[in-house]
Amino acid sequence: MTTSAPATLLRELAPALRAHRWLALAVAVHALAAAAIRIRYHSGAGLGTLLAGYASSLLVGPLFALAGYALYVMLFIRPRLLLRHLGQQLRGYLSRERVLFALPAMLLLSLFAGSFTELKAAVPLIQPFALDRRLAELDLALHGGVAPWVWLQAAFGHPLLTAALNLAYHLWFFIMFALTYWLVFSSERAALRMQFLFSFVLTWALLGNVLAVLMSSAGPCYYGLVLDGANPYAAQMQALHLADREVPLLALRVQEMLWQDYRNGSAISGMAISAMPSMHVASSVLMALAGWRLNRAAGMALTAFALLIMIGSVHLGWHYAVDGYVGAIGAALLWKLTGWLQHGLPRQIPGRALPAGRPHHG
């Protein structure tokens with residue numbers, strides 16, 4: 001009797017589904033929490049917007065990973081016929097087994113992105129911004145009575161240096177998606193891949209959602225808008241606007257857009273206002289930790305990038321320095337936790353590589 005195509009596909013998917021079962025459980029719990037918050041606070045986007053977001057997230061990550069690989073080929077391999085080289089490499093790399101192994105992770109990350117968006121947009125509804133004054137005071141206490149932005153203004157205050165930090169800060173989105181989805185398809189690095197994906201989901205859920213509610217804050221760029229009285233960050237924002245006259249700073253436009261969305265009650269983006277902890281820093285630390293597991297060069301490059309993100313988060317007015325410290329420490333602890341689970345409880349978080357076709361360069 002001939003086996004049907006769906007039955008064959010399900011049989012081929014079975015090992016990948018088993019490998020991702022605990023990741024699926026974590027994402028499912030997160031999605032249920034987002035649904036409960038949505039019902040309780042009447043928050044979030046419409047169903048059509050969410051479905052469009054899920055569909056786009058399935059495309060954005062793989063496209064960024066492909067763009068990152070194309071950039072690597074152009075810089076380091078430099079073939080005579082770039083498109084032909086890329087086509088040949090992808091045909092050899094994207095075997096059926098590799099794609100099927102990656103499929104559950106792609107679907108789960110898409111679902112997680114949607115639920116994260118729902119929960120982050122609801123942060124000020126659950127807990128209105130309340131800790132900005134205390135976080136600003138903690139920054140002073142930790143840095144000898146001097147606000148960290150003052151030191152950074154002295155070091156990076158030139159418009160060109162500020163613009164360079166602004167560029168790095170916005171490149172974060174591209175680098176994070178490119179590395180994440182490259183690992184999604186890296187079935188020959190199954191242990192590292194699963195540790196990163198599980199750390200990634202836990203970091204964004206526990207730090208970016210739960211801790212963001214418990215320590216709800218808007219950030220230095222919004223300090224004067226959410227609190228009465230003197231604004232200790234007015235001089236910093238004035239300096240940024242002066243630099244913007246020399247070299248345009250996208251950060252200032254995004255900050256204004258997010259504030260208008262917040263005022264209009266339309267903050268449905270995963271970039272909705274929330275300062276503590278810094279998820280830019282937390283995710284960059286995760287990427288650096290994964291980089292050191294790949295090789296020394298990747299570890300050094302991604303560590304340098306994480307430091308730039310930390311500096312940029314404060315210099316550009318997005319975060320208090322303590323936001324970055326908490327994000328970095330939290331991400332490192334969750335990385336250690338998932339590593340311990342993977343090695344101490346091997347049946348819980350599988351790390352066995354599956355056959356996945358011919359590997360590519362890099």
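The values are calculated or read from the model by the stated rules, or taken from the named source; none is laboratory data. Quick caveat: nothing in here was measured; it's all calculated off a predicted structure. Reconstructed Cβ throughout: ideal geometry from the backbone, glycine too, with neighbour counts over all protein chains shown. Side chains included, ligands, DNA and RNA excluded: accessible areas come from the protein's heavy atoms. Shrake-Rupley method; radii C 1.70, N 1.55, O 1.52, S 1.80 Å.
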For this session: Could you tell me whether Gly327 is of a type outside the set (A, V, I, L, M, F, W, C), assigned to a helix (DSSP H, G or I) and under 21 Å from Ala141 (Cα atoms)?
Result: yes
Problem set entry | Count of residues meeting criterion [more than 15 Å from the chain's Cα centre (by Cα) and on the phi < 0 side of the Ramachandran plot] in the stretch 309-319 | 7
Seminar exercise, completed: Scanning the stretch 248-273 for residues that are part of a loop (DSSP other than H, G, I, E, B), at pLDDT below 90 and not β-branched (Val, Ile, Thr), the one surrounded by the most Cβ atoms within 10 Å (Cβ to Cβ) turns out to be Ala267
Exercise. Given the structure, is Pro104 more than 30 Å from Tyr262 (Cα to Cα), modelled with pLDDT of 85 or more, part of a helix (DSSP H, G or I) and open to solvent by less than 30 Å² (accessible area, probe 1.4 Å)?
Worked result: yes
For this session: List the number of the failed condition for Ser278; all other conditions in (1) at pLDDT below 95; (2) hydroxyl-bearing (Ser, Thr, Tyr); (3) open to solvent by less than 50 Å² (accessible area, probe 1.4 Å) hold.
Result: (1)
Exercise. What helices (runs of 4 or more DSSP H), lying completely within the stretch 163-247, carry at least 1 residues that are in contact with a Pro (Cβ under 8 Å, 6 or more places away or on another chain) and surrounded by fewer than 20 Cβ atoms within 10 Å (Cβ to Cβ)?
Worked result: 190-202, 234-246
For this session: Report those helices (runs of 4 or more DSSP H) wholly inside the stretch 1-87 carrying at least 3 residues which are modelled with pLDDT under 80 and open to solvent by 40 Å² or more (accessible area, probe 1.4 Å).
Result: 5-19, 47-72
